[in-house]
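Notes for the one structure printed next.
Derivation of every value follows stated rules applied to the coordinates shown; laboratory data play no part. A quick note: this is a predicted structure, and the numbers were derived from the prediction, not measured. FYI the Cβ positions are ideal-geometry reconstructions off the backbone, even for glycines, and counts take in every protein chain you see.
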Amino acid sequence: MAAGKGTRLKSKHPKVLHEIGGKPILAHVIATAQKVVPAQDIFVIIGHEAERVREAVAGTSVNFVLQAAQRGTGHALMVAREALLGSGSGNGKKSKYDQVIVLSGDAPLITSETIRKLSAFHTAQKATMALLTADLDDPYGYGRVIRKGGRVDVQAIVEEKSATPQQKKIREINSGFYAFDAPALYEHIDRLSNENAHGEYYLTDMAGVFHRARKKVVAIKTPDAGEVLGSNTRTEMMVLDARLRLAKCRELLENGVTIFYPHTCVIDSDVEVAADTVIEPFVQLLGSTKIGADCRIRSYSVIGNSVLGDRVTVRPGTIMEDSQVSAGAVLGPYSHLRPGSEVGEGAHVGNFVETKKIKLGKGSKANHLSYLGDAEIGEGVNIGAGTITCNYDGVNKHKTVIEDGVFIGSDSTLVAPVKIGRGAYVAAASCITEDVPADALALGRARQSVKEGWARAKREAQKEKRR
Ligand code: UD1
Ligand code: CA
């Protein structure tokens, strides 16, 4: 169920597209569902901003059911009738599915183990409806579970707004995860009414409906209440995000990664890090970033959607996006690798060097204060401090090619398109506008002239004036 608006968030974005652990809430739930059943058996009920939600998770190849007007969780299941029953059930026709598992699109910490347990419990109990519950210290806002005298059987679920003061004291809450007997669900679902505080059809009322129809409703309690927490408010999302990221850090620690002060790091759910890599405080590893073994990622570095080989050193304050770094490279402090930067084995990108869409060959160095964009730089190249590739003429981008073994003197500007041949030298402070052949020296600057005694003469002239 992912059709709701998320009114309590006060957001222009649909609730299920808010991110925790660097990924939309709904994407977490779908990924977990896919561990239990194949995508073709997953139906996502969308409604509020349906097209945006569909687009955000379209890559998963799940099915979608449109709940054009969102009239409650019960109504969400009503509109899914055809998708789940197929051409029908009853009158000798068989339902498409025997069991339907319902997941809340806004509770992203649920695990596949727990979903499987719920499903197995439903089957083993031969129940019509099974719900997953948890004991919360603060059950406020959740539906409360009314059991039949401490048994597995459930009489009803009461929503916060309808609960009596006595019922509000119940700490066992409905998690919003259920397993239903599909034909029975649709045989009885039309008995739901919307005469309640929200004027909605509550799926939770199915417990009472089945109970009255003498069908079996049972509850299974998860010991890890954290798994079922919903994200109705920004505060709840903050709590879930922190939980998820800390769990991610634990997973990495268990796999041999050292993380100092994990509470200060922001590591997204899908990030991979190999053993013996050390992550210092205040590091952000985002999106699909993959980091090799024996790396050191120093403080204040922000690495997004990038791949780093083994033994890479990232010095403090390095920012990187959509880039690739080979083994043994050294970056930073304060390097900025923009999309499409490929740094070769053992290469160095140093202080205040900005790169974009470049290849920097094996062992090449650009250690200080440079802009390198749209460039192909060979192996063993030395890029002097302050070198600039002038890649943009105001309309188009052009390429700079620097072949193996080239030495670019400090403060050079390379006006693209331009090529510096293998082993050539570019003298410091040159403005290079024409190709340089291999092994040549290119000087692109005015010759120095010296005016003997000039400074002294100036000083004396000033003294004269003051007198
Ligand atoms: C629901 C349960 C409550 C339970 C809690 C657990 C009901 C009536 N209440 O409350 O007992 O303790 O979850 O987190 O079900 N949705 C739709 N279509 C709609 C309405 C909602 O698809 O018309 C989706 C929402 O996008 C959301 C999920 O269903 O992903 C749950 O809806 P929400 O409004 O968050 O229900 P809660 O108030 O949290
Ligand atoms: Ca909710």
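Rounded to the nearest 500, what is the 222 nm mean residue ellipticity of the chain from helices alone, with -39500 (n - 2.57) per DSSP H run of 4+ residues and division by all residues?
Dividing the helical sum by the residues of the chain leaves -6000 deg cm²/dmol.
Pairs of Cα atoms under 8 Å, at least six residues apart: use those to get the relative contact order of the range 201-323, whole percent.
14
For the range 1-109, what number results from the quotient of the Cα radius of gyration and 2.2 N^0.38 Å?
1.08
In straight Cα distance, which lysines are under 27 Å from LYS93, not counting same-chain residues fewer than 8 positions off?
Within reach: LYS126, LYS215, LYS216.
Please report the equivalent ellipsoid semi-axes of the range 325-433, computed as sqrt(5 x eigenvalue) of the Cα gyration tensor, largest first, in whole Å.
19, 15, 13
Neighbouring Cβ atoms within 10 Å as the yardstick, rank VAL36, VAL145, VAL218 fewest first.
With the sparsest Cβ surroundings first, the list reads VAL36, VAL218, VAL145.
For the residues TYR392, TYR140, TYR371, what sequence is obtained by ranking on other C-beta atoms within 10 Å, fewest first?
TYR140, TYR392, TYR371
P(r) tail for the range 215-274, what percent of Cα pairs lie past 12 Å?
Tail of the P(r) past 12 Å holds 73 percent of the pairs.
Please identify the longest segment of the chain free of exposed GluC sites (Glu not before Pro), where exposed means a DSSP state other than H, G, I, E or B and no more than 15 other Cβ atoms within 10 Å.
Here the longest run is 196-433.
With a cut-off of at most 13 other beta carbons within 10 Å, and DSSP calling the residue loop, which trypsin sites (Lys or Arg not before Pro) in the range 47-139 qualify? Please list them.
LYS94, LYS126
Sequence gap of 8 or more, or different chains, plus Cα separation below 23 Å: how many lysine pairs satisfy both in the range 273-408?
Lysine pair count for the range 273-408: 14.
Roughly what % antiparallel, to the nearest 5, for the DSSP beta bridges in the chain?
20
Please state the charge dipole magnitude for the chain, taken about the Cα centre, from unit charges on C-beta atoms (+1 on K and R, -1 on D and E), reported in debye and rounded to the nearest 20.
In total the dipole reaches around 1200 debye.
What is the pair-distance distribution P(r) of the chain, computed from all Cα-Cα distances in 10 Å bins starting at 0, with each bin given as a whole percent?
Going out from 0 Å in 10 Å bins, the chain shows 4, 17, 20, 16, 13, 11, 8, 5, 3, 1, 1, 0 percent.
Straight distance only, please: which lysines reach the Cα of LYS161 with their own Cα at less than 17 Å, same-chain residues fewer than 8 apart left out?
Once the sequence-local lysines are set aside, what remains near LYS161 is LYS169.
For the range 400-467, what percent of Cα pairs sit more than 20 Å apart?
44
Any aspartates and glutamates with Cα under 19 Å of the LYS10 Cα? List them, leaving off those in the same chain fewer than 8 positions away.
Here the aspartates and glutamates satisfying the reach criterion relative to LYS10 are GLU19, GLU49, ASP106, GLU236, ASP241.
Please state the relative contact order of the chain as a whole percent: Cα pairs under 8 Å, 6+ residues apart?
So the answer I get is 8 percent.
Just to be sure I understand the model, the point goes 7 Å from the Cα along the line to the Cβ. What's the resulting THR235 to ARG214 distance in nm?
If labels sit at THR235 and ARG214, their model points lie 4.7 nm apart.
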